[in-house]
Amino acid sequence: MLRFLNKKRIINIFIALSILIFLIAIFVIILRDNDNMVTYKSELLENIVNLENIDLLYLIDNDTYVLLKSKSGSANIVSYNFNLKDLNIKYKGIEYSIDAFADKGSYISQRFIKAYDNITGSMDNMSFYTGKNGILEYDYKEGKGHIVNNVFVSQGPNSISSDSVIFDVNNNYIFFKDNVTVTYVPE
């Protein structure tokens with residue numbers, strides 16, 4: 001014959017088991033030696049992939065593209081963002097092309113390029129460079145960008161230097177801002 005325990009006794013057994021499990025958990029936490037534990041962090045869980053010898057081509061339209069080359073870097077495979085070292089940037093449009101080099105840079109969501117530190121480059125018959133902490137940012141879709149931190153642009157014997165440069169490739173203008181110095185040698 002089966003006999004059922006009354007509800008009060010079942011609740012008491014459940015409470016006793018709960019207290020026992022709680023005490024075991026506290027005991028394990030106290031005895032565990034945190035200093036000897038090895039922490040493990042997987043970059044794959046963060047969707048990061050390390051790369052070498054990177055060639056990244058982004059087509060803006062049939063006649064315009066950006067080619068990024070880098071010795072090494074990392075990519076977030078979900079957001080499609082890249083952090084690159086020893087970056088070579090080639091922008092090719094209908095009317096002109098730009099070649100630039102930087103110590104490091106970022107390619108963000110198929111829309112932005114950012115180059116950092118010791119930026120040098122050329123566009124048609126002009127050349128440019130920045131100071132050690134130079135930053136170049138460019139938005140492909142808007143065709144707008146800026147360069148900051150001791151920008152120097154030269155064309156033959158003529159040059160312009162400033163703290164920052166704002167440019168718009170779609171509307172074909174360059175604006176030099178703050179501490180502008182112009183050197184012009186007439187022909």
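Seen from Arg111, the other residues with C-beta closer than 15 Å to its C-beta sum to a net charge of -1, counting Lys and Arg as +1 and Asp and Glu as -1.
Relative to the Cα centre, the charge distribution of segment 80-187, modelled as +1 at Lys and Arg Cβ and -1 at Asp and Glu Cβ, gives a dipole magnitude of about 340 debye. Sorting Ile60, Ile89, Ile11, Ile147 by the number of Cβ atoms found within 10 Å of their own Cβ, with the fewest placed first, yields Ile11, Ile60, Ile89, Ile147. For the chain, the longest principal axis of the C-alpha atoms and the axis of helix 7-31 are separated by about 50°. Hydrodynamic estimate: the Kirkwood radius of segment 137-179 over Cα pairs, inserted into Stokes-Einstein at 25 °C and 0.890 mPa s, corresponds to D of 225 µm²/s. Classify segment 72-117: rounded, prolate or oblate, from the alpha-carbon gyration tensor (a ≥ b ≥ c, eigenvalue square roots; a/c under 1.5 rounded; otherwise prolate if a/b is larger than b/c)? In terms of gyration-tensor shape, oblate.
The calculated FRET efficiency for Glu52 paired with Val78, based on their beta-carbon distance and R0 = 30 Å, is about 0.90. Sorted into 10 angstrom bins from 0, the C-alpha pair distances of the chain split as 8, 26, 22, 11, 7, 7, 8, 6, 4, 1, 0, 0 percent. For segment 39-120, the calculated P(r) over all alpha carbon pairs, in 10 Å bins from 0 to the bin holding the longest distance, is 18, 47, 27, 7, 2, 0 percent.
Ranked for footprinting exposure by Cβ neighbours inside 10 Å, fewest first, Thr130, Thr120 give Thr120, Thr130.
Shown for the chain: lysine pairs separated by 8 or more places, or found on different chains, whose C-alpha atoms are under 17 Å apart, numbering 25.
Each reported figure results from applying straightforward, stated rules to the coordinates on display, with no laboratory input. Here the structure is a predicted model, which means the values were calculated and not measured. Ideal geometry is used to build each Cβ from the backbone, glycine not excepted, and the neighbour counts take in all protein chains shown.
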